[in-house]
Amino acid sequence: MSNDLAVYAVRSDNSKGRLHRDDETAYRNQYQRDRDRIIHSSAFRRLEYKTQVFVNHEGDMFRTRLTHSIEVAQIGRTIARALNVNEDLTEAICLAHDLGHTPFGHAGQDVLNECMREFGGFEHNLQSLRIVDLLEKRYADFPGLNLTYETREGILKHCSAKNALGLGALGRRFLNNENPGLEAQIANIADEIAYNNHDVDDGLRAGLLDIDSLRNCKLVEIHFDIVKKNWKALTGGQLRHEIIRRMINYLVSDLIKNSNEQIASVKPESSDAVRKCARPLIAMTAETLAMNRDLKKFLRTNLYQHERVKSMGEQAKDTVRFLFNAYMQDKKLLTADLQNSMKDNDELNNARMIADYIAGMTDRFALAEYNRISGIT
Ligand code: MG
């Protein structure tokens, strides 16, 4: 496959390598191997029971972090293939991009960050990297999954200057204001396209959004009109899906066309030339970007800040805060393994281990721990 890639694609045989020495494999390139390690990791399996927007037990029809990640990978691969860049690398980044999410979605991360304020804070994106670099314990010779530089570069989507300083080569682009490779840029936008659209779907299905007010967003209105013109009587799930699949296609097509034009005008001759470009080359046209922003804003006001979503968030925050405080006060509430790894008089280390433990929990495990501990205390 890699023989046909564009000159600006990241190539498996030019990888900047892994943190630890690793054998070569016969049948897979470096990024296919990264992808397979991600799929086999326990953090990946746990995404199945982690909240995207709706808490996992709200209903079986809603997106979870796992199905979200699969949708991101599907969109990312389509874009990568169309632009003749590395589909395997894009897929690996997409599948791993949310590994560091806490239970209960953003509410969980916000409160864990508050709990960790004195101990260096908590950020889900950095946590994704921590999982693949350190926390997965599967291999005899190294901690983590020992992924390639390029997959790790893509996983670390954003990073503060303070955190970047501690990350060596991987942090440098945040200090030098450089971009990642095209595959990472694609994964980033594929994430956004996936969640905007599936949140419309889930929001409508849950009855928290209605199609008439959504039609105030031009992106929805255009595609609502097209569908209604062809199928006047269409309603419910079919109407919803016919609109959403067109919106995804519209955004992805615009992105591919515009990115192709940007690449053609800049003519980067290598993936490193892409990294040094002043701006990301993967981008929608200004007009489509504005429509996309509009929809995002609508979702923020009408879905993410909806009373029902907010009250789920409040319960989630109470659960995470309770667990963090309980474990900090009484280490005996933790697993034997964790208790053995704790160090007396090293609260910084102990707090980080507790944050890692809580961040790794599924929604239902966090609730079960809450019930177990509140039954004891
Ligand atoms: Mg995501």
Determine, for each peptide in 258-265, 154-161, 124-131, the mean count of other beta carbons within 10 angstrom over its residues, then list the peptides with the highest first.
124-131, 154-161, 258-265
Gain upon complete extension [Asp23, His158; 0.36 nm per residue less C-alpha separation]
45.6 nm
Report, in whole Å, the centroid distance computed from the Cα atoms of the stretch 284-314 and the stretch 241-266.
20
When the chain is fully extended, how far beyond the present Cα-Cα distance does Leu338 get from Ser265, taking 0.36 nm per residue of separation?
20.9 nm
Just check the chain against the gyration tensor rule for me: Cα atoms, a ≥ b ≥ c as the square roots of the eigenvalues, rounded for a/c under 1.5, and otherwise prolate or oblate depending on whether a/b exceeds b/c.
oblate
What order, most packed first, do the peptides 186-194, 279-287, 313-321 have when packing is the mean number of other Cβ atoms within 10 Å of each residue?
186-194, 313-321, 279-287
Surrounding net charge for Thr362, when Lys and Arg each add one and Asp and Glu each subtract one, Cβ distance under 10 Å
+3
So the FRET efficiency between Asn177 and Tyr139, C-beta based with R0 = 35 Å and rounded to 0.05, is 0.50
Segments 37-48, 134-145 sorted - mean Cβ within 10 Å per residue, highest first:
37-48, 134-145
Mean separation of Cα contacts under 8 Å, 6 or more apart, over the residue count of the stretch 223-339: relative contact order %:
17
With +1 assigned to the C-beta of every Lys and Arg and -1 to the C-beta of every Asp and Glu, and no other charges, what is the dipole magnitude of the stretch 190-346 about the Cα centre in debye, to the nearest 20?
320
Extension gain (nm, one decimal) between Lys228 and Arg45, 0.36 nm per residue minus Cα-Cα
61.9 nm
Tell me the label-point distance for the pair Gln74, Lys218, using the 7 Å Cα-to-Cβ offset, in nm and rounded to one decimal.
2.8
Counted charge near Lys343, where neighbours are those whose Cβ lies closer than 12 Å (Asp, Glu -1; Lys, Arg +1):
-1
Report the far tail of the P(r) of the stretch 39-93, meaning the percent of Cα-Cα pairs longer than 12 Å.
67
May I ask you to derive the FRET efficiency for Asn249 and Asp272 from their Cβ-Cβ distance with R0 = 41 Å, giving the value to the nearest 0.05?
0.80
When only C-alpha pairs under 8 Å and at least 6 residues apart count, what is the relative contact order of the chain, in percent?
22
What whole-number distance in Å separates the alpha-carbon centres of the stretch 148-199 and the stretch 79-117?
10
Among Ala190, Phe324, Ser341, which residue has its Cα furthest toward the positive end of the charge dipole of the chain, with +1 on Lys/Arg Cβ and -1 on Asp/Glu Cβ?
Ala190
Here is the link list: Lys218/Lys257; Lys232/Lys257; Lys276/Lys296; Lys16/Lys157. Which ones come out longer than 22 Å on Cα distance?
Lys232/Lys257; Lys276/Lys296
GNM on the chain, Cα springs under 10 Å; top mean-square fluctuation among Val266, Val252, Val132 goes to Val266
Where the eigenvalues come from the Cα gyration tensor of the stretch 273-377, what are the semi-axes √(5λ) of the equivalent ellipsoid, largest first, in whole Å?
40, 23, 10
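None of the figures in this text is laboratory data; all of them are computed from the coordinates on show. Source: prediction; values computed, not measured. Here the Cβ is made from the backbone with ideal geometry for all residues, glycine too, and neighbour counts use every protein chain on show.
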